[in-house]
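The next block holds one structure in the form of structure tokens; read it before the comments.
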Amino acid sequence: MQTIAVPYDFSPYAAAALDFAVQLSQKTQAKIKLIHVIEYPLATTFNVTGEVEPEETMDKIFTLQLIDKANVKMRDVLHSYDGKAEIDQVILMGNAYDGITDQLEELDADLIVMGTKGATGLKELLVGSNTEKIVRNAHCPVLAIPEKCNASTINDVVFATDLDDTHGNILKAFDEYRKQFNAKLHLVWVDTPHNSVNEDLGKERLKEIARKNNIENYEVHIAKAFKPEEGILSFSWQIKAGMIGMSTHSHKGLIHLFVGSVAEDVVNHAKIPVWTCSIK
């Protein structure tokens, strides 16, 4: 792991994400790139230079004030982590999601660490969050952090999978990440009324998947629930897991609205970090 990208808006959720990214950096020696976007009603997102033309309008003066304020706050953030990690920053103006995704593509990051405050009800269905959008569309793994946590206390991690090993490459990637914490991996498949299997056969299939992907230090489990996301969250809570890992299908448009995403539902409601990676 060489580069960790952290979208940053100075909220407590972003602060928790940065704190966890710093802990990861200390384990992996990865560099951290902080990305802050000043929301502004512009058609495009652009990099901040701090320069304006002589004929300044009131809009330009206001823009400069926003830039100066962001730079001061960012310096304070960077100063608080002096000597703990190598952190660079970029400040943009425009649409937050567009600015973040443009920077992520330019950085070619190995991991995105984002804070999330979750969502429920109608807001979850119709609005979503930047974290959800990035989970859905990112070209590298995304780690969603709901609250500040200590990486050293992560002893057990959960990876939710199916029984046909279509997500084997993602399981391998998560296992490499899991090794940074020296945590036990719990492979879990959720048995629902609409997708059920004999428990012994299910566990044997999970063991085959683990062996095929050279997974060590693991256990296999079948969790029963009405919906997959409920089973994943409940099982993780029962074993006091410190992290959840899973793949996402990256549905977009109307199919996403009607089908939804188990990964996004878990990100929205989990109280622990959730690592996701698109099967695409």
Under 9 Å between Cβ atoms, which residue pairs at least 6 apart in sequence (or on different chains) link something in segment 1-27 that is farther than 28 Å from Leu66 by Cα and without any contact (Cβ under 8 Å) to a residue 60 or more places away in the chain with a partner that is surrounded by fewer than 20 Cβ atoms within 10 Å (Cβ to Cβ) and of a type in the set (D, E, K, R)? Gln26/Lys84
Condition check for Thr166: in contact with a strand residue (DSSP E or B) (Cβ under 9 Å, 6 or more places away or on another chain), among the polar types (S, T, N, Q), crowded, with 21+ Cβ neighbours inside 10 Å and within 25 Å of Ile112 (Cα to Cα): no
Quick check on Asp88: is it crowded, with 17+ Cβ neighbours inside 10 Å and acidic (Asp, Glu)? no
Any residue at all in segment 33-43 that is farther than 22 Å from Val142 by Cβ and either of a type in the set (Lys, Arg) or at pLDDT 80 or above (or both)? yes
Cross-chain or 6+ apart pairs with Cβ under 7 Å, segment 102-113 first and free of Cβ contacts under 8 Å to residues at least 60 places away in the same chain, then surrounded by fewer than 19 Cβ atoms within 10 Å (Cβ to Cβ) and of a type in the set (Gly, Ala, Ser): none
Single residue of Asp165, Asp191 found to be in a loop (DSSP other than H, G, I, E, B), over 30 Å from Ser25 (Cβ atoms), in contact with a helix residue (DSSP H, G or I) (Cβ under 9 Å, 6 or more places away or on another chain) and without any contact (Cβ under 8 Å) to a residue 60 or more places away in the chain: Asp165
Residue hits (segment 93-143; part of a strand (DSSP E or B) and at pLDDT 85 or above) are Leu111, Ile112, Val113, Met114, Gly115, Val142, Leu143
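The values are calculated or read from the model by the stated rules, or taken from the named source; none is laboratory data. On a predicted model such as this, the values are computed, not experimentally measured, just so you know. In this analysis, Cβ positions are derived from the backbone assuming ideal geometry, glycine residues included, and neighbour counts consider all displayed protein chains.
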